[in-house]
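Okay, structure first, notes after.
The values are calculated or read from the model by the stated rules, or taken from the named source; none is laboratory data. Every value quoted in this text rests on a predicted model; they were computed, and no experiment measured them. All Cβ positions, even for glycine, are placed from backbone atoms using ideal geometry, and neighbour counts span all protein chains on display.
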Amino acid sequence: MKSTFITGGARSGKSRFAENKALKTGKNVIYIATAQALDEEMAHRIKIHRQTYQGHLKKSR
């Protein structure tokens, strides 16, 4: 099994890059996001992120 670890700054396009890379493989994918909702802004960003990526990738919490 191959793992790819993608890093980058906040709002740098990591998720979009990772999703595109993962979907091209045609294999099962586990998506791990480590952000914590420590304030209302981050809680909102996490909510939008989950809505955007649900159904595309398998999520692990």
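Taken over the stretch 1-32, residues that are farther than 18 Å from Thr52 by Cα and in contact (Cβ under 8 Å) with a residue 12 or more places away in the chain amount to 3. Regarding Phe17, is this residue assigned to a loop (DSSP other than H, G, I, E, B) and at pLDDT 85 or above? So Phe17 fails the test.
Within the bounds of the stretch 32-47, is there any residue that is surrounded by fewer than 10 Cβ atoms within 10 Å (Cβ to Cβ), on the phi > 0 side of the Ramachandran plot and modelled with pLDDT under 85? Break it down stepwise before answering.
Looking only at the stretch 32-47, we keep the residues that are surrounded by fewer than 10 Cβ atoms within 10 Å (Cβ to Cβ), and these are 34, 36, 38-41.
Imposing the further condition that a residue be on the phi > 0 side of the Ramachandran plot reduces the set to none.
No - not one qualifying residue is present in the stretch 32-47.
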